[in-house]
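To start, the structure itself, in structure tokens.
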Amino acid sequence: MKCHETDSDRTAEVIVRGDNKQCVEYKDFVDEDGALCCYIPLDLGEKVSVACYFKGTSLQGTFDLIVDGILRNAVPFNNKKGTKFSRSVTFNEGYIDKTFRAGNMLVVPLEPDVVTKQGEFESVGKIEIRVSILRVADQSHAVSDVSCFAEADTWKEQYPSPIGFQHLEPTSQIKITADDEEPRPSKYTVKRVRGQMKASRPGNEPWAIFKFFYRAQGVWASITAKKPSKIRLI
């Protein structure tokens, strides 16, 4: 999905890939919170990566990766000159539990005992990218509406059953799989990542939010594929 800001040079794009293949985007729409949304096909066993791009005038910004309602990664960026510039980052991994280990993001089935309910808040089955940038000096906000991985390592710790959905019922989730044979992160790495998670984000709110609702290939009979158009941000 792509977006651009009205009367500005700021643009952004987010691409989700499964096993290195770009996901087709279906039924793009704007959510109640202004987020740009679409549905994407991801099948069980696929390894997920998310590429984020920003271009425009700003002093600083942050890309936040939220998977199934849990903040899993964050990358800040700076531009001391305050001129037009571009930044990109690809999230290939997310962080888990209090060990701050990083691991691949794999699509796995929901447990058989998970109950779903249409019309409730949708958290599971969703990849969310928030792009925060500084447009007005001294403005900032906290990521306070979702839990960090170190506070709630799985969505079950944050969102009690039943889990909600609006249009297509979720049947899978994303599991962060860290290699147990890899050495634990250094104290420096833990301090750096913790600081990135807790730091205030530039701007008084996210500049753009992208939500990708992922479902298995077999659920697309009622949805027509189309290439999402650029959507103006107010």
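Quick look at the values:
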{"item": "Base-10 log of normalised Debye intensity for the chain (one unit scatterer per alpha-carbon) at q = 0.09, 0.17 Å⁻¹", "result": "-0.37, -1.34"}
{"item": "Size descriptor, Kirkwood hydrodynamic radius, that averages inverse alpha-carbon separations across region 126-219, Å", "result": "16.4 Å"}
{"item": "Euclidean distance between Cα centres, region 148-224 to region 56-108, Å", "result": "11 Å"}
{"item": "Region 50-179 - percent relative contact order, Cα under 8 Å, separation 6 or more", "result": "36 percent"}
{"item": "Gyration tensor over alpha-carbon atoms, region 71-172, equivalent ellipsoid semi-axes in Å", "result": "31, 17, 14"}
{"item": "Calculated [θ] (222 nm, deg cm²/dmol) that DSSP helices of n ≥ 4 give over the chain, each run adding -39,500 (n - 2.57)", "result": "-1500 deg cm²/dmol"}
{"item": "GNM top mover of LYS80, LYS21, LYS198 - the chain, alpha-carbon springs below 10 Å", "result": "LYS80"}
{"item": "Relative packing of peptides 45-53, 201-209 - highest average C-beta neighbours within 10 Å first", "result": "201-209, 45-53"}
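Every read-out reported here was derived from the displayed coordinates using simple, explicitly stated rules and does not represent laboratory data. Computed from a predicted structure; not experimentally measured. For neighbour counting, all protein chains shown are included, and Cβ atoms are generated from backbone atoms with ideal geometry for every residue, glycine included.
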